[in-house]
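For reference, the structure discussed in these notes is given below.
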Ligand SMILES: Nc1nc2c(ncn2[C@@H]2O[C@H](COP(=O)(O)OP(=O)(O)OP(=O)(O)O)[C@@H](O)[C@H]2O)c(=O)[nH]1
Ligand SMILES: [Mg+2]
């Protein structure tokens, strides 16, 4: 099960109470105040982890709370601080407060942490309040309450390369051929229903990630097929790999496929198809593939085209080297990209509010 949007409730621990107590010992009359401080409450922390692939765990556990701080005790004993509650999320998780568009955090690196709810402070015990005129204070501070919040988490997979293509073009087969991932492959459309990520390692230990994104069809930008469910995930890929079925299985023409893939991307976000790309001309073992390839090379003289046969792993090494070369030429992910994504989120939200529609969390457009 792949989950890329969830709502969670987090509650940090309250601070422990300070203590009112007086020192009582044999031969020590009027020992003075000795009430200890309360401990601080634990924080709720989100932590990005490379081991997590989706937000599915959070779908089934939506309430998270950190421990409260222990109250102070006599003999100036300070209460223990509450344990933090650490929630693991996949890399690429965006954090928002419920109903707001402002981004609280973008957890994109392995191990990156963000405190979403701060624990309360422990109260001071009465030993802090003794003065020259009040040597037996009977006051202590209560702890402050921990923060509470309702959060929306949204996963936008961060892969270096996104495999984009019609259903059945062989995207999952390519991912299997070039990485250690084993997505399901089968001769029918929409085999892949959620994005898979594979890690490719070159001979000189360079690593990059490739995402196999569910098949795109005409109308995907209007939510046809798997629609937005997958289009969201290509937004943060730095390089696109258009995967074309050169054999024209299912009676399609690879050149038409390429044109409609690009137009769907542009309909979703203007200019998305201008992102750097490479074309993987797959299924070169099939009849008629050579003619299609020649036509493709004529119509796309500028493009980098790598003819491969993913099924037999022919020329897939060449594809890896091409990915590597193009990635090296690209600048790192820019902040502007993230802001564009957030801006679109705001537009969707405003449209929904204008329609006077209650926010529905299962809807794709929030
Ligand atoms: N002849 C031939 N068949 C291939 C080649 N690559 C993949 N196939 C076949 O094409 C079919 C579809 O492959 P998949 O990898 O499942 O395609 P996909 O693009 O992931 O499809 P969806 O997940 O449905 O979007 C499978 O039956 C593969 O065996 C190839 O190079 N040559
Ligand atoms: Mg697939």
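No value in this document is a laboratory result; all are computed from the given coordinates. Since we're looking at a predicted model, the values are computed, not measured. So basically every Cβ, Gly included, is an ideal-geometry build from the backbone, and we count neighbours across all protein chains shown.
Restricting attention to segment 161-332, close to 30% of DSSP beta bridges with both partner residues there are antiparallel. Each of residue 134 and residue 50 was given a label point 7 Å from its Cα along the Cα-to-Cβ line. The distance between the two points is 5.7 nm. Using a/c under 1.5 as the rounded threshold, could you call segment 161-332 rounded, prolate or oblate? The axes a ≥ b ≥ c are square roots of the C-alpha gyration tensor eigenvalues, and prolate needs a/b larger than b/c, oblate otherwise. It is rounded, given that a/c, with a ≥ b ≥ c, falls under 1.5.
Each residue in 172, 101 was given a count of other beta-carbon atoms within 10 angstrom of its own, and listing them fewest first yields 101, 172.
Note the angle between two axes, namely the Cα long axis of helix 254-268 and the longest principal axis of the Cα atoms of the chain, as a number of degrees from 0 to 90, rounded to the nearest 10. The two axes meet at around 30 degrees.
What shape does the chain have by the C-alpha gyration tensor, where a ≥ b ≥ c are the square roots of the eigenvalues, rounded means a/c under 1.5, and otherwise prolate means a/b greater than b/c and oblate the rest? Cα axes put the chain in the prolate bin. Neighbour counts of C-beta atoms inside 10 Å place 246, 91, 284, 30 in the sequence 30, 284, 91, 246, starting with the fewest.
The separation of segment 1-33 from segment 157-204, counted between C-alpha centres, amounts to 50 Å. If you fit an axis through the alpha-carbon atoms of helix 335-354 and take the longest principal axis of the Cα set of the chain, what angle between them do you get, 0 to 90°, nearest 10? Approximately 80 degrees, to the nearest ten. Counting 0.36 nm for each residue step from residue 325 to residue 206 and taking away their Cα separation leaves a gain of 41.7 nm. Given contacts defined as C-alpha pairs under 8 Å and at least six residues apart, what's the relative contact order of segment 1-141, whole-number percent? Over segment 1-141, the number comes to 35 percent. Relative to the longest principal axis of the chain, what angle (0 to 90°, nearest 10) does the C-alpha long axis of helix 289-299 take? Taking the Cα atoms of the chain, the angle to 289-299 is about 80 degrees. Which FRET efficiency value, to the nearest 0.05, do you get for residue 7 and residue 255 by plugging their Cβ-Cβ distance into 1/(1 + (r/R0)^6) with R0 = 45 Å? Rounded to the nearest 0.05, the efficiency is 0.55. Which shape class, rounded, prolate or oblate, goes with segment 5-155 when its Cα gyration tensor gives a ≥ b ≥ c as root eigenvalues, a/c under 1.5 marks rounded, and past that a/b bigger than b/c marks prolate? Prolate.
DSSP beta bridges confined to the chain are antiparallel in about 55 percent of cases.
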